[in-house]
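First up is the structure itself, then whatever we jot down about it.
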Amino acid sequence: MNIVIVGTQWGDEGKGKIIDLLSGKVDYIVRYQGGSNAGHTVILNGREFIFHLIPSGILHKGKVCCIGNGVVVDPVVLFKEIHDLKNAGIKVDQARLKISSRAHVIFPYHKILDQLREKKKTYRIGTTGRGIGPCYADKINRCGIRIADLLNPYVFKEKLKDNLKEKNEVFRKVYGHPGFSFNKIYTQYLNYARLISKYVCNTSLLLNQAIRKNKDILFEGAQGTFLDIDFGSYPFVTSSSATAGGACTGTGVSPLKIDKVIGVAKAYTTRVGEGPFPTEFSDSFSRYIRNKGSEFGATTGRPRRCGWFDCIMVKEAILINGISELAIMKLDVLDGLKKIKICIGYKYKNKVFRNFPEDPEVLRKAKPVYQELPGWKEDISKIRQYRDLPPSAKDYLLRLKDLLKTKISMVSVGSSREETIFLD
Ligand code: GDP
Ligand code: IMO
Ligand code: MG
């Protein structure tokens, strides 16, 4: 089976845990979009690993992890991650890590531009400052530098020179920044080229050959449906295709080869950065859930905004991605609440929207319409069978399943592998 894992909300749904859980059953795990803006957490034997670029399946021996052409690669982050894994006793060699020669490279000017643009803006996006937007902009502008370019010193020199000629002028004139030295970047990145070359290959060919040999692939989505450049709450989104379609364009694997899409959803909703959030809690309740669920960004450490589960959003995610089953995460965080709300519509100007609105103004001003359910008092983190869950927790899951008209195949009640309930 070739399975795509996607976030159904605004990222941080718990994709890392699900990827790690399913990695044992596949041969390849591949990241297809985004870059080091992602922070995917895996807990193994009580130890926390946060992956920004390396696929979350790397902790499983013998599995091949790929960074596809759709990813933007920051070599600084990549080599830190490889180094940290080695220190933790995890072998990362060229047999286990494959990087697409077509992936674009993040340079210091991308990161600084990302940060300077945010500072200058009236309406900030609240980006991670990792250079993601500027790097994808260069890709679309056809001036980006790919891994393959990096490996050819002559081509790299010409492309970097060309880029800096234009970019340094913008840095100076628009942002009052001194710009970047060609020599410094060239020397530093030639060194990265030397280190990266052993991992580089045509990952599209590699994956398609694997499929021909009936190997199984897990496609690891980063971010989430509502951070997708097309289907997200634009402009408060990231710059890549975080939805299932991105798995094909970001790896060169045909849609005909994808067997299943699994959606990952938190039992409530969170968001980092700016942008509309109809079901957002009051400040004090947000603080309570944030502390209970440790809702702080895995990449930037920023506090995550928290709110009720939003069926309008997740229904849209199911539609856009073709999700046939869901993993509901962090149900344990809702323990001890008297009441739990589920958003089933948006009210705007006396009209109730039952589908996700295309108009950002509606999303910004809409008042959520809620269904209310009783909560449960028990600590559910030790429960491993669906039948042992408190009746109100079962009712909550059943209600979600009915409203979303989609099967729930996994329920997560804690961050480790074992803290998972599998449903038939
Ligand atoms: P990702 O970006 O989708 O991989 O998610 P993150 O790793 O950014 O955030 C999810 C956080 O929730 C991580 O700290 C996980 O360890 C944690 N987590 C995952 N599943 C559960 C769960 O069921 N219960 C609790 N309490 N924490 C969880
Ligand atoms: P994972 O893969 C949550 C958010 C940022 C910001 C917006 C644009 O861990 O779920 P960017 O730096 O991408 O230009 O920022 O997107 N964002 C994320 N939020 N989880 C992520 O990744 C995110 N990656 C980007 O906070 O609002
Ligand atoms: Mg994350």
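The values are calculated or read from the model by the stated rules, or taken from the named source; none is laboratory data. None of these values were measured; they are calculated from a predicted model. Here Cβ is always computed from backbone atoms with ideal geometry, including for glycine, and neighbour counts include all displayed protein chains. Remember, those area values only see protein heavy atoms, side chains included, never the ligands or the DNA or RNA. Shrake-Rupley method; radii C 1.70, N 1.55, O 1.52, S 1.80 Å.
Table for the structure above
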{"quantity": "Computed magnitude of the charge dipole of segment 152-258 (debye, nearest 20; Cβ of K, R +1, Cβ of D, E -1)", "calculated": "540 debye"}
{"quantity": "Cut-off under 5 Å, modelled amide H: who pairs with C65 long-range", "calculated": "I29, L97, K98"}
{"quantity": "Surface per residue (accessible, 1.4 Å probe) for the chain, Å²", "calculated": "44 Å²"}
{"quantity": "Phi-based couplings in Hz for segment 245-260 (Karplus 6.51, -1.76, 1.60; Gly and Pro marked x)", "calculated": "x, x, 5, 7, 5, x, 9, x, 9, 5, x, 5, 9, 8, 8, 7"}
{"quantity": "Dipole of the chain, positive direction: furthest Cα of I380, Y199, Y175, with charges on the beta-carbon", "calculated": "Y175"}
{"quantity": "Cα long-axis angle, helix 75-87 against the chain (0 to 90 degrees, to the nearest 10)", "calculated": "70 degrees"}
{"quantity": "Derived scalar couplings ³J(HN,Hα) [segment 400-417; Karplus, 6.51 cos²θ - 1.76 cosθ + 1.60; whole Hz; x for Gly, Pro]", "calculated": "4, 4, 5, 5, 8, 6, 9, 5, 9, 9, 9, 10, 9, 10, x, 7, 8, 3"}
{"quantity": "Contact order relative to length of the chain, as percent, for alpha carbon pairs under 8 angstrom and 6 or more apart", "calculated": "20 percent"}
{"quantity": "Sum of side-chain charges, T243 neighbourhood, beta-carbon under 12 Å (Lys, Arg +1; Asp, Glu -1)", "calculated": "-3"}
{"quantity": "Reference-scaled alpha-carbon Rg (2.2 N^0.38 Å with N residues) for segment 266-422", "calculated": "1.03"}
{"quantity": "Computed [θ] at 222 nm, deg cm²/dmol, the chain (DSSP H ≥ 4; -39,500 (n - 2.57); rounded to nearest 500)", "calculated": "-10000 deg cm²/dmol"}
{"quantity": "Amide proton proximity set for I340, modelled H, under 5 Å, gap of 5+", "calculated": "L373, G375"}
{"quantity": "Helix axis angle, 311-321 relative to the chain longest principal axis, alpha carbon, degrees", "calculated": "50 degrees"}
{"quantity": "Long-range amide H partners of L44 with built H, under 5 Å", "calculated": "F49"}
{"quantity": "Options M313, L44, G221, ranked by Cα towards positive dipole end of the chain, top entry (Cβ charges)", "calculated": "G221"}
{"quantity": "Estimated dipole of the chain in Debye, rounded to 20 [Cβ of Lys and Arg +1, of Asp and Glu -1, Cα centre]", "calculated": "580 debye"}
{"quantity": "The chain, accessible surface, carbon-and-sulfur percent (1.4 angstrom probe)", "calculated": "51 percent"}
{"quantity": "Local electrostatic count at R384 - Lys and Arg +1, Asp and Glu -1, tallied over other residues with Cβ under 15 Å", "calculated": "-3"}
{"quantity": "Karplus (6.51, -1.76, 1.60) ³J(HN,Hα), θ = phi - 60°, over segment 144-161, in Hz, Gly and Pro reported as x", "calculated": "x, 10, 9, 4, 4, 5, 4, 7, 10, x, 5, 4, 4, 4, 5, 5, 5, 4"}
{"quantity": "Alpha-carbon Rg/Rh ratio, for the chain, with Rh computed the Kirkwood way", "calculated": "0.97"}
{"quantity": "Rounded to 10°, Cα long-axis angle of helix 108-120 versus longest principal axis of the chain", "calculated": "50 degrees"}
{"quantity": "Charge-dipole axis of the chain as Lys and Arg at +1 and Asp and Glu at -1 on Cβ define it, positive-most pick from L150, T300, G414", "calculated": "L150"}
